[in-house]
Amino acid sequence: MAEGDAIAESEVVVRAAMYPSWDVSLRRGTPSLFTSTEVSVSRLSILDMSKIVAIFKTDFDERLSTDGQSRRVQAVGRARVGDIVQQAETLTNKDFLPNVVLTVVEDPICNEPLATDNPAHALICGWERQRPVQPRSIPRSVAKRLLDLFGWESL
Amino acid sequence: MFPSTVVHFEIESAQPSLIADVVVVRDTPHLSMVKSGLTTLISRSAKAAVGPPGVERLQNFAQLKSGWDGAASNPISLKSIEVFSNFFADTGLCPDRAGVFMSAERNVVVNWPDAGGQLVELEFHSSGVDYFVERSGEEDTVLANSAAFRNLSTLIAEHAES
């Protein structure tokens, strides 16, 4: 589980929406883009958008493509860290807090196999609300809020 | 002479595994055979629910090999396709504007906006279905072949119309 330092609430992070979690023709994705215990994002305070997108494309469009023509990275979205954390602190339709607490921590990638170095890499982490040292997957209700929060731009 | 390739379709279940070997002779027919093999796994109702674009996407998901999303990623779960297929065959649901996705856990995901534009989502996995109804905030997992699985049809049917 990620052990990096927490990122300031004022920072903005970027998430890639990739095939097959995104449908270009429907302009819609699935909240499962955000349901893991750890969700990869990248920090705009460390690298600018063009450099982050270049890393996404190197790792996903070029390296894993079998025909050299696929475009797995189909959209990018961005959101403020404070707003991300807040999505788990808003009551559900049933008037209780979701059983998850979110943190956003630095997690730079360096010398890892099959991954381009990315000093801006960070993670959105889900934790049990009552025991916030225990990782947990992000509930779909919160994941849907995150999906809506990141204003997606097609690539 | 083109190299031949053997494609294994393995259905995960409590029953002895069903494995169909398909021998093909070149890349394009290879992909064609993968597609046709997958299509036979999907019920008519499930095909109707997701429409031709959804079936096409499922066929393309089936071509994703191990490592498609990093070292730990695996091909789509054929058991997930089976549960997806059976769910729509059992319920006859045919939601408008259904989209088909594949989760990081290699499961089939289907979602659609309800009449108010709020999302309904089903993720089909080897033992059942994770469901989410944004309007009511309901979110849970039901096991296939359970009473809850059958009740899920009623709940979802209420949100199947756009």
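Please state the relative contact order of the stretch B:76-120 as a whole percent: Cα pairs under 8 Å, 6+ residues apart? In percent, rounded to a whole number, it is 34. Near A:VAL100, once Lys and Arg are set to +1 and Asp and Glu to -1 for all other residues with Cβ below 9 Å from its Cβ, the sum equals +1. Computed from phi, the 3J(HN,Hα) profile of the stretch A:119-134 under the Karplus parametrisation 6.51, -1.76, 1.60 (θ = phi - 60°) reads x, 8, 5, 8, 10, 8, 10, x, 9, 4, 5, 7, 9, x, 9, 9 Hz, with x in place of Gly and Pro. Note on A:28-37: average number of Cβ atoms from other chains within 10 Å of each residue's Cβ is 6. Applying the Karplus relation 6.51 cos²θ - 1.76 cosθ + 1.60 with θ = phi - 60° to the stretch A:42-53 yields 3J(HN,Hα) values of 9, 8, 6, 6, 9, 10, 7, 4, 5, 6, 5, 5 Hz, where x marks Gly and Pro. Which of the pairs A:LYS94/B:LYS47; A:LYS57/A:LYS144; A:LYS57/B:LYS47 have their Cα atoms more than 27 Å apart in this structure? A:LYS94/B:LYS47; A:LYS57/B:LYS47, as the Cα separations exceed 27 Å there. Annotation: the residues B:SER77, A:SER154, B:SER127, sorted from fewest to most other C-beta atoms within 10 Å of their own C-beta, follow the order A:SER154, B:SER127, B:SER77.
Computed extension length for A:SER45-A:LEU97: 15.7 nm, one decimal, from 0.36 nm per residue of separation with the Cα-Cα distance subtracted. Each residue of the stretch B:110-123 was assigned a 3J(HN,Hα) from its phi angle through the Karplus curve 6.51 cos²θ - 1.76 cosθ + 1.60 (θ = phi - 60°); the sequence is 10, 9, 7, x, 7, 4, x, x, 8, 7, 10, 9, 10, 10 Hz, with glycine and proline shown as x. Panel order for B:ARG135, B:ARG150, A:ARG72, A:ARG140, by other beta carbons found within 10 Å of each beta carbon, from fewest to most: B:ARG150, B:ARG135, A:ARG72, A:ARG140. Taking 8 Å as the Cα distance limit and 6 or more residues as the minimum spacing, I'd like the relative contact order of the stretch A:1-143 as a percentage. Here the relative contact order equals 34 percent.
For chain A, what is the per residue volume of the convex hull drawn over the alpha-carbon atoms, in cubic angstrom?
109
From helices alone, chain A scores -4000 deg cm²/dmol at 222 nm; the rule is -39500 (n - 2.57) for each run of n ≥ 4 DSSP H residues, then divide by the residue total.
All of the numbers you see were taken from the coordinates with simple rules; none came from a lab. Nothing here was measured: the structure is a model prediction, and the numbers come from that model. We place every Cβ from the backbone using ideal geometry, glycine too, and count neighbours over all the protein chains shown.
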